[in-house]
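The values are calculated or read from the model by the stated rules, or taken from the named source; none is laboratory data. Being a predicted model, the structure only gives us computed values, none of them experimental. Virtual Cβ from ideal backbone geometry, glycine too; neighbours counted across all protein chains shown. Ligands, DNA and RNA are stripped out before the accessible areas are found, and what is left, the full protein with its side chains, is counted by its heavy atoms. Shrake-Rupley method; radii C 1.70, N 1.55, O 1.52, S 1.80 Å.
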Amino acid sequence: MLVPAKIILDHAFANSYAVGAFNVNNMEQVQAIIDAAAQTQSPVIIQVSRGALEYSRMTYLRNLIQAAAEEHPEIPVAMHLDHGNGLEVVKTAIDLGFTSVMIDGSLDETAKKPNTFEQNLAVTQAVLKYARPFGVTVEAELGTLGGIEDGVGSGHINVTDPDEAIEFIAKAPVDSLAIAIGTSHGAYKFSGECKLAYDVLEEIHSRLPEQPIVMHGSSSVPQELIAEINKYGGQMPNARGVDIEALQKAIPHGVAKINVDTDGRLAVTAAIRKVLVEHPEEFDPRKYLGAARDALTEVIALRMQQFGAAGNAPKINQIGLTEAKELYS
Ligand code: G3H
Ligand code: 13P
Ligand code: ZN
């Protein structure tokens, strides 16, 4: 059933596990995610970036995610806008029936620099004011992602400041807060070892003990998938993700949502490359997209288990947006 993310987040937070939030761009990805959730009995957040919204011409992914939720009414599914950058796209998502939105006010994309705290706060407050009457869950981001050791545009200056987090939540009480502790989007996260700023996470959690926290940029970039991609003609040298153990270590410190996109892209790419190289005569898309769907289901089911979400779907009291409005009144 389609539910607001808040009921999943609150359950995950209270029970010390994290819900996986997986990005989608097409039908096979949506199916793989719901299949993995059904197999493992996990609640799930299916998320759509602005790019994915445009790629899918606005309504297609919404309809696919609704179909997934209808196919498995026993699974709590939140339909989430990933990295919304202003009120307009949030309004579009809510009009489309999204049950959860992220307002990422951390970056001024036009100027390609971080927004000020005040700019981020103002846009987040505007989104909260708009979304609350719909019962829609709101995630915000404070700090900017980037490898701690990566140099330009990253480093300690972008790691979330705990003092700012406290002030931000007091003034914009969002349902979940994405913080930056050294992860980054994509397949090249660390040039050396995986290092995260646990001290920052721990301080934020200890000072905001009721606040569900979100980790972005949390793909693990499995080396066997990289090897498979490179074996079948790809070129992804030095790809490196966040160790699963590093994510698991973060979960007891309030991390209730973990975002994974890249691992899914890698699974899909590896499977398609393999089919096309091993069967050059093949031209039926179902053969390689079906293989991609199977490979993706496996990766996602594994993440659901690793994040502790498996088995929790039946324990969640499912409610829709109408009832969720009461949670905010
Ligand atoms: O936040 C980044 C996600 O991986 C979505 O990426 O904007 O290329 O769809 P995208
Ligand atoms: P990855 O690139 O590590 O999968 O991160 C995805 C993400 O944070 C989506 O918002
Ligand atoms: Zn992200």
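The H on the amide N of Val101, modeled in the peptide plane, is under 5 Å from the matching H of Leu81, Thr137, Val138, Glu139, each at least 5 residues off or on a different chain. Extension gain for Lys315-Tyr60 works out to 88.8 nm (0.36 nm per residue, less the C-alpha to C-alpha distance). Take every DSSP beta bridge whose two residues both sit in the chain; close to 5 percent of them are antiparallel. Taking only protein heavy atoms and a 1.4 Å probe, the accessible area of the chain is 53% carbon and sulfur. Rg then Dmax, both in Å and based on the Cα atoms of segment 91-236: 17.0, 52. Couplings 3J(HN,Hα) of segment 321-329, computed from phi: 5, 4, 5, 5, 4, 5, 5, 9, 8 Hz, in residue order, whole Hz [Karplus 6.51 cos²θ - 1.76 cosθ + 1.60, θ = phi - 60°; x for Gly and Pro].
Taking max minus min of the alpha-carbon positions on each principal axis, segment 75-116 gives extents of 39, 19, 12 Å, largest first. Build a GNM of the chain with springs between Cα atoms under 10 Å apart, and of Phe117, Phe13, Phe283 the one that fluctuates most is Phe283. For segment 259-329 versus segment 202-232, the inter-centroid distance based on Cα atoms is 16 Å. For segment 1-106, the relative contact order is 32 percent, taking Cα pairs closer than 8 Å that sit 6 or more residues apart in sequence and dividing their mean separation by the residue count.
Amide H to amide H, with H built 1.01 Å from N, Val19 comes under 5 Å of Lys257, Ile258, counting only residues 5 or more places away or on other chains. In order along segment 104-115, the phi-based Karplus estimate (6.51 cos²θ - 1.76 cosθ + 1.60, θ = phi - 60°) of 3J(HN,Hα) comes to 9, x, 7, 10, 8, 5, 5, 7, 6, 9, x, 5 Hz; Gly and Pro are listed as x.
Highest GNM mean-square fluctuation among Pro280, Pro314, Pro209, for the chain modelled with Cα contacts below 10 Å: Pro280.
At 222 nm, what value in deg cm²/dmol follows for the chain if DSSP H runs of at least 4 each add -39500 (n - 2.57) and the sum is divided by all its residues, to the nearest 500? Could you put the intermediate results ahead of the total?
On the way: 13 runs with 150 residues, N = 329.
Helix contribution divided over all residues of the chain: -14000 deg cm²/dmol.
The residue among Leu53, Ala37, Val138 whose Cα reaches farthest toward the positive pole of the charge dipole of the chain, with charges on the beta-carbon of Lys, Arg, Asp and Glu, is Leu53.
Between segment 163-201 and segment 39-81, the C-alpha centres lie 25 angstrom from each other.
Solvent-accessible area per residue in the chain equals 42 Å², computed with a 1.4 angstrom probe and all protein chains kept. Sorted largest first, the spans of the alpha carbon positions of segment 27-91 along the three principal axes are 35, 18, 15 Å. Sorting 191-203, 23-35 by average packing, meaning the other beta carbons within 10 Å per residue, from highest down gives 23-35, 191-203. Among Leu266, Leu302, Leu81, determine the one that fluctuates most according to a GNM of the chain built with springs between C-alpha atoms less than 10 Å apart. So, out of Leu266, Leu302, Leu81, the one fluctuating most is Leu302.
Candidate cross-link partners of Lys274 among the lysines, defined by an alpha-carbon separation under 22 Å and a same-chain spacing of 8 or more, comprise Lys231, Lys287.
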